[in-house]
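**Student:** Pasting in a structure now, in structure tokens, and then I'll have a few things to ask.
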Amino acid sequence: MKELLAFCGLDCEQCDAYIATANNDDALREKTAKAWSELYNSPIKPEHINCEGCRADGVKLIYCEKYCEIRQCALKKNMNNCGE
Ligand code: SF4
């Protein structure tokens, strides 16, 4: 299975947080933080936009790491994805 496919099925390679992190792109961090702050009605700052992917080693967006229930469920059940 592709490592950058999230437990929920999202393709982390297409995610702006992943792309900004992979390219160390501060302009994309700014743009993504602004867009996600409005979308999720939450104070997301550019410095929060750092993620190497849901199932990969390394830094993750705090929501995906700590609050995503799908990720927590799959990890607890030792599954590769929600579909299993
Ligand atoms: S785990 Fe990271 S790269 Fe994947 S969808 Fe969440 S924020 Fe984006």
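**Student:** Consider the stretch 42-57. How many of its residues are within 11 Å of the ligand (Cβ to nearest atom) and either touching a Cys at 6+ places or on another chain (Cβ under 8 Å) or open to solvent by 50 Å² or more (accessible area, probe 1.4 Å) (or both)?
**Tutor:** Selection size over the stretch 42-57: 7.
**Student:** Same structure, new question: Please pick out the residue among Leu75, Leu28, Leu39 that is open to solvent by less than 50 Å² (accessible area, probe 1.4 Å) and not in a loop (DSSP other than H, G, I, E, B). Quick ask: steps written out before the conclusion?
**Tutor:** Numbers: Leu75 fails: open to solvent by less than 50 Å² (accessible area, probe 1.4 Å); Leu39 fails: open to solvent by less than 50 Å² (accessible area, probe 1.4 Å).
Matching residue, one of Leu75, Leu28, Leu39: Leu28.
**Student:** Is it the case that some residue within the stretch 41-59 is among the basic types (Lys, Arg) and touching a Pro at 6+ places or on another chain (Cβ under 7 Å)?
**Tutor:** No, the conditions are met nowhere in the stretch 41-59.
**Student:** For Gly53, state whether it is within 19 Å of Leu4 (Cβ to Cβ) and over 15 Å from the mean Cα position of the chain (by Cα).
**Tutor:** Numbers: within 19 Å of Leu4 (Cβ to Cβ): yes; over 15 Å from the mean Cα position of the chain (by Cα): no.
For Gly53, the condition - within 19 Å of Leu4 (Cβ to Cβ) and over 15 Å from the mean Cα position of the chain (by Cα) - is not met.
**Student:** Quick check on the stretch 1-18: of everything there that is farther than 10 Å from Cys54 by Cβ and crowded, with 16+ Cβ neighbours inside 10 Å, which residue is nearest to the ligand (Cβ to nearest atom)?
**Tutor:** Out of the qualifying residues, it is Ala17.
The values are calculated or read from the model by the stated rules, or taken from the named source; none is laboratory data. Quick caveat: nothing in here was measured; it's all calculated off a predicted structure. Every residue, glycine as well, gets a Cβ built from its backbone with ideal geometry; the counts of neighbours run over all protein chains shown. Just so you know, the surface numbers come from the protein's heavy atoms only, side chains and all, with ligands and any DNA or RNA stripped out. Shrake-Rupley method; radii C 1.70, N 1.55, O 1.52, S 1.80 Å.
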